[in-house]
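**Q** Once you've had a glance at the structure underneath, I'll fire off some questions.
The values are calculated or read from the model by the stated rules, or taken from the named source; none is laboratory data. Every value quoted in this text rests on a predicted model; they were computed, and no experiment measured them. These accessible areas exclude ligands, DNA and RNA; they are computed on the full protein's heavy atoms, side chains included. Shrake-Rupley method; radii C 1.70, N 1.55, O 1.52, S 1.80 Å.
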Amino acid sequence: RESEDEDFKPAGGMFIPYELSRVSAQKDESRTHSYFEDGDDPDELLKLPQEIIDTIVQLNTIHHTGCIIFEALPRHLKIHNYYTLLDHSQEERFHALLAQLVQQIPN
């Protein structure tokens, strides 16, 4: 973005990539694969909107490994991610939720 007063807007065709595991695995309810930091971090320049948090919560109901990190700088938003989808039966939903995250970025 040109100034800090403008919304972050993803480039056309942007997507959040992921890999498929070699073998599909169903979710194991006894293992947790992600967490949220709780509370505000005074060093962070970004507070995620609730709708993005809600989408991440939905992603976390699908068996996968990896993470996503949103890094806000004054004029740039970086998204660091590495996802491997473990439950192949959920690929359509997983892909749709990642696409939804990209659409929610300007908010």
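**Q** At 1.4 Å probe size, with no ligands or nucleic acids counted, give the accessible surface of SER89 in Å², nearest ten.
**A** 90 Å²
**Q** Ranked by accessible surface with a 1.4 Å probe, highest first, in what order do THR84, THR61 come? Present the calculation step by step, with values, prior to reporting the outcome.
**A** Details: THR84 15, THR61 75 Å².
Greatest to least solvent exposure: THR61, THR84.
**Q** Let me ask something additional. Keeping all protein chains in the complex and leaving out DNA, RNA and ligands, what accessible area do you get for GLU51 with a 1.4 Å probe, in Å² to the nearest 10?
**A** About 70 Å², rounded to the nearest 10.
**Q** Quick one: which residues, 5 or more positions from ASP87 or on another chain, have an amide H under 5 Å from its amide H? H modelled 1.01 Å from N in the peptide plane, none for Pro or chain starts.
**A** HN-HN under 5 Å from ASP87: ALA25, HIS63.
**Q** Next question. Quick one: how many Å² of GLU6 are accessible to a 1.4 Å probe, rounded to 10?
**A** GLU6 has an accessible surface of roughly 80 Å² with all protein chains in place.
**Q** Sorting TYR18, TYR82 by accessible area (1.4 Å probe), largest first, what list results?
**A** Numbers: TYR18 55, TYR82 120 Å².
My answer, sorted largest first, is TYR82, TYR18.
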